[in-house]
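Each remark here refers to the structure printed beneath this line.
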Amino acid sequence: MEENYFEPNRFRLNLNSFIQEARNVTFILQKKKGDLPGFEGWYSSWQERLKADPILRWIVESRNRITKQGDLEIKSECNAVFLTGWTDELTRRFKANPSVPSLILAKQILTQIPAEHLSEESLISIERKWIDNNLPTTELLQATGHALRVLSELIYDAHVSLVDKAFPGFKCPHASKLADSRTDYSIELANAEDLRTIWMTATDLKLSNYSLRENVLESTHFEDARARYGAVQEEIRAIGDLGELKTAVKFVKITSKQILS
């Protein structure tokens, strides 16, 4: 779903598929209850938890709507921005139709931008926020991430509480993956702004890799930085303790001048 977040048709198909498969998890689990001693007592507490979870209730209700009525009613937002130059003078902001693919939106924006305002520095950003009418307070990537974590906990608990006791010699190859999945997709990731925003260079509409995620720096990056900014290292060492306001200001001046040059 994350990969198709900016393509409306594919996102809706992925969302519908996720909801139906998520609902099937409890169906399949209950189908196997005859093979698991103590299932009823164990599952009753989980049923209470699932019923009390508004997002899991939304999953159940949405699955019924998809099966009987078709697609979910999506209430979402889409905002686009054209930026160019160092100032905000030529910035243009647009309220866009969320059902329109991102590339088409970008082309529509460019028809409203004078050609003389375009340069190699010009960028277009498109921010989306997918919301279902029946879950108006929660963004859908966050909602599906939450459902995935809870269902992973459910299946992992079934292994620990039921399967291991009923079949002590059986080692499920998926149990460790389920344990990891409970932490791999965090709320912070689902809420990350960079997941909901893409950037394009305005001149050719190619995606630019602007991201807030952690990047791993290779040793070559340090060598490049040393070659580019190393000339001011001695000057920085000479200014003294950076904990002092006066020296901190000097540091900012020195490094800023070197970066701009």
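FYI, it's all coordinate maths here, none of it is from the lab. Model, not experiment: these values are computed from the prediction. Using ideal geometry, Cβ is built from the backbone for each residue, glycine included, and neighbour counts are taken over all protein chains shown.
Computed quantities for the displayed model
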| quantity | calculated |
| --- | --- |
| Separation in nanometres of the label points that stand 7 Å from Cα toward Cβ, at T137 and A225 | 4.3 nm |
| Helix 39-52 vs. the chain, principal-axis angle (Cα, 0 to 90°, nearest 10) | 40 degrees |
| Selection from L83, L242, V163, by position along the positive dipole direction of the chain (Cβ) | V163 |
| The chain: angle of helix 175-184 to the longest principal axis, Cα-based, in degrees nearest 10 | 40 degrees |
| Potential lengthening between I55 and N97 on full extension [0.36 nm per residue; Cα-Cα distance subtracted] | 12.5 nm |
| Cut-off 19 Å, label 7 Å out along Cα→Cβ of L13, residues of region 30-67 by amide N | 66-67 |
| Estimated distance in nm for a label pair at H117 and K257, the labels positioned 7 Å out from Cα along Cα-to-Cβ | 3.6 nm |
| Whether the chain is rounded, prolate or oblate, judged on the alpha carbon gyration tensor where a/c under 1.5 counts as rounded | oblate |
| 30 Å Cα-Cα reach of K31 towards lysines, excluding residues that sit fewer than 8 places from it in its own chain | K51, K68, K165, K171, K177 |
| The chain - percent relative contact order, Cα under 8 Å, separation 6 or more | 18 percent |
| Whole-number D in µm²/s for region 88-129 (Stokes-Einstein; Kirkwood sum over Cα pairs; 20 °C, 1.002 mPa s) | 188 µm²/s |
| C-alpha long axis of helix 8-31 to longest principal axis of the chain, angle in ° | 30 degrees |
| GNM flexibility winner over the chain from P168, P54, P37 (Cα, springs under 10 Å) | P168 |
| Selected from W46, W58, W130 as most flexible by GNM, with the chain as the system and alpha-carbon contacts under 10 Å | W46 |
| Percent of Cα-Cα distances greater than 19 Å, calculated over region 1-155 | 62 percent |
| Distance histogram for region 1-69 (every C-alpha pair counted, 5 angstrom bins, percent rounded to whole numbers) | 3, 15, 19, 20, 17, 12, 7, 4, 2, 0 |
| Proximal lysines relative to K107, as straight alpha-carbon distance under 16 Å, when same-chain residues fewer than 8 apart are discounted | K95, K206 |
